[in-house]
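Structure first, then comments.
The values are calculated or read from the model by the stated rules, or taken from the named source; none is laboratory data. Since this is a predicted model, take the numbers as computed values, not measurements. Ideal geometry is used to build each Cβ from the backbone, glycine not excepted, and the neighbour counts take in all protein chains shown. The accessibility values were calculated without ligands, DNA or RNA, using every heavy atom of the protein model including side chains. Shrake-Rupley method; radii C 1.70, N 1.55, O 1.52, S 1.80 Å.
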Amino acid sequence: MLDISPNPIFSRIRLPDSGPVVAAVSGGSDSLALLILLEAHLRANGSGGEILAVTVDHGLRPQAADEAAMVARLCTERGIPHRTIKWEGEKPATGVSAASREARYRLLAEVAAEAGASVVLTGHTMNDQAETIAMRRERGDGRGLAGMAPATLYDGKMWIVRPLLACRRADLKNVLVDAGISWADDPSNEMAQYERVSARRALAGPEEDEIVSALIEQGRLAAEDRVATGERAAEIITRYASIVSPGLVKLDPAFARVNDRPGARLALRILLAAVGGREHLPDAARARKLYERLDGAAFRSTLGGAVVDLRKAGVGYLHREMRAGWTGAMQAAAGGVWDGRYRVNGGGLPENAVVEALGGTLAEARVRDRNGAPQALMRAAMAAEPLVHVRHAESGSEGSGPGGLSERLRRLPAPWIRFLPSFDLAPARAVADLLGGEPVPEPPLRSHNAA
Ligand SMILES: Nc1ncnc2c1ncn2[C@@H]1O[C@H](COP(=O)(O)OP(=O)(O)OP(=O)(O)O)[C@@H](O)[C@H]1O
């Protein structure tokens with residue numbers, strides 16, 4: 001049975017002393033239990049922190065509005081502020097669950113920011129974690145075996161925290177039964193076409209508790225390994241990688257001979273994704289081969305949107321691959337993410353402002369030979385850097401890019417632009433330092449170990 005208050009579940013989390021914390025409450029048993037446990041915890045602690053419960057109505061099921069109303073009623077009874085947010089707009093014909101998850105996090109982050117909260121709590125349980133680990137094991141996803149992180153930074157600014165990862169679903173239901181609270185059962189939990197539902201069914205049965213415990217233990221070890229390898233990769237990045245010219249990363253020859261191979265290979269995958277502006281690390285097997293080639297003869301190759309160029313003295317260079325004809329042109333006024341690498345602040349820019357790759361001709365004029373890096377590589381890297389400019393029909397364009405209108409552009413720490421699991425904090429910080437991005441905020445966890 002779970003102890004209701006003050007609750008050790010929350011002891012790992014730094015909840016704000018004042019101001020709101022957002023609880024994402026769908027109306028299902030897990031997130032309702034989160035709400036009740038959090039309420040009891042804050043009350044028992046005499047903390048000045050308040051809860052803002054938020055329900056997202058995805059508008060996909062007719063019952064969703066009733067469920068949101070049920071959560072609203074419960075919150076009113078208990079004096080907890082609550083908001084229902086509707087996901088407006090077009091719903092995609094395929095990939096609805098991914099799109100609704102995407103929309104859910106965006107809406108939760110928006111509401112939290114409006115309310116002045118920097119933390120959103122969700123009701124993911126130990127059973128969800130075991131299902132996640134089982135699914136990822138099935139797919140042979142190495143780093144993913146760590147499961148869901150206790151905290152994930154969303155969009156560089158909002159922490160999503162999962163306090164119930166150590167709680168079993170059945171215990172959470174008992175909390176609600178004891179409190180006389182009923183919950184809604186989401187019918188999509190029973191739809192066998194979903195991978196998660198199949199994973200859940202595969203775990204069900206008389207041995208469920210033991211299987212879940214074994215998966216959780218496996219995940220814990222994988223998470224420890226992920227954090228430790230990430231920390232070593234971060235040190236390797238800091239030590240051997242540097243920016244020598246806009247968009248051009250130089251790898252010291254000693255990078256290819258680092259004793260810690262797993263750390264160095266991860267460092268290379270991270271650097272490739274960062275340079276290529278990708279959301280995922282490139283394939284481990286291909287990156288491993290590439291890493292081995294770094295200790296050999298000169299070559300040029302591409303992986304994950306990045307070019308790797310090894311020069312004679314064993315010095316490696318990485319820059320964004322620029323495919324023929326690609327300009328990346330995007331309207332700047334609306335802002336957004338450019339090429340997975342830069343956030344564009346379009347505020348106040350005219351409608352005809354554009355952000356696009358600098359291109360070869362302009363890059364040629366801007367390259368300065370001051371650092372001994374090969375001119376051709378400096379040009380290639382510079383050509384794929386962004387330029388914000390205003391297009392004038394007659395007089396050509398007026399603008400600037402690296403070194404000019406740069407306050408409009410903020411380098412982002414790909415591959416962790418949208419979701420940064422606390423497991424990967426150290427390498428994300430190393431990438432942000434290397435690329436000159438914004439500092440990564442501290443997670444609201446008490447333990448130093450992000451796992
Ligand atoms: N409609 C909703 N409104 C508010 N919060 C929600 C909603 N749906 C899910 N959540 C939050 O997300 C948690 C996980 O829900 P669920 O397992 O259904 O989502 P998932 O899509 O499988 O997970 P993830 O969001 O990590 O992909 C819930 O416990 C709750 O905190």
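At a glance:
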{"item": "DSSP beta bridges in the chain [antiparallel fraction, %, rounded to 5]", "result": "75 percent"}
{"item": "Most to least accessible of Phe299, Phe419 (protein chains only, probe 1.4 Å)", "result": "Phe419, Phe299"}
{"item": "Most to least accessible of Asp186, Asp433 (protein chains only, probe 1.4 Å)", "result": "Asp433, Asp186"}
{"item": "Pairwise label distance in nanometres, Asp186 with Asp17, each label 7 Å out on the Cα-Cβ vector", "result": "3.6 nm"}
{"item": "Rough spin-label spacing in nm, given labels placed 7 Å along Cα→Cβ, for Ser198 and Arg220", "result": "3.0 nm"}
{"item": "Cα-based equivalent ellipsoid, the stretch 274-350: semi-axes from gyration tensor eigenvalues, Å", "result": "32, 13, 10"}
{"item": "Set of lysines with alpha-carbon distance to Lys312 below 26 Å, sequence-local pairs under 8 removed", "result": "Lys250, Lys289"}
{"item": "Ala297 paired with Asp260, simple spin-label distance in nm, labels 7 Å along Cα-to-beta-carbon", "result": "3.3 nm"}
{"item": "Per-pair calculated FRET efficiency, R0 = 45 Å: Ala365 and Asp66 via Cβ, rounded to 0.05", "result": "0.10"}
{"item": "The stretch 8-222 - share of DSSP beta bridges that are antiparallel (%, nearest 5)", "result": "20 percent"}
{"item": "Globularity ratio of the chain, using Cα Rg and 2.2 N^0.38 Å", "result": "1.08"}
{"item": "Alpha-carbon Rg/Rh ratio, for the stretch 8-222, with Rh computed the Kirkwood way", "result": "0.94"}
{"item": "Sites Asn174 and Arg446 - FRET efficiency at Förster radius 30 Å, r taken between beta-carbons, to 0.05", "result": "0.65"}
{"item": "Positive minus negative residues near Leu425 (Lys, Arg vs Asp, Glu; Cβ under 12 Å)", "result": "-1"}
{"item": "Euclidean distance of C-alpha centroids, the stretch 296-314 and the stretch 134-162, integer Å", "result": "31 Å"}
{"item": "Computed E for Lys312/Arg139 - FRET, C-beta separation, R0 45 angstrom, nearest 0.05", "result": "0.65"}
{"item": "Share of alpha-carbon pairs per 5 Å distance bin for the stretch 250-305, given as whole %", "result": "4, 20, 33, 27, 14, 3, 0"}
{"item": "Accessible area expressed per residue, the chain, with surrounding protein chains retained (probe 1.4 Å, Å²)", "result": "47 Å²"}
{"item": "The stretch 66-121-the stretch 14-29 distance, computed between alpha-carbon centres (Å)", "result": "12 Å"}
{"item": "Chain lengthening between Asp433 and Ile243 when straightened (0.36 nm per residue, less Cα-Cα)", "result": "67.4 nm"}
{"item": "Two-decimal Rg/Rh across the stretch 410-451, once Rg and the Kirkwood Rh are taken from alpha-carbon atoms", "result": "0.96"}
{"item": "Solvent-accessible area, 1.4 Å probe, carbon plus sulfur percent, for the chain", "result": "49 percent"}
{"item": "For the chain, calculated [θ]222 nm from helices alone, where every DSSP H run of n ≥ 4 adds -39500 (n - 2.57)", "result": "-12500 deg cm²/dmol"}
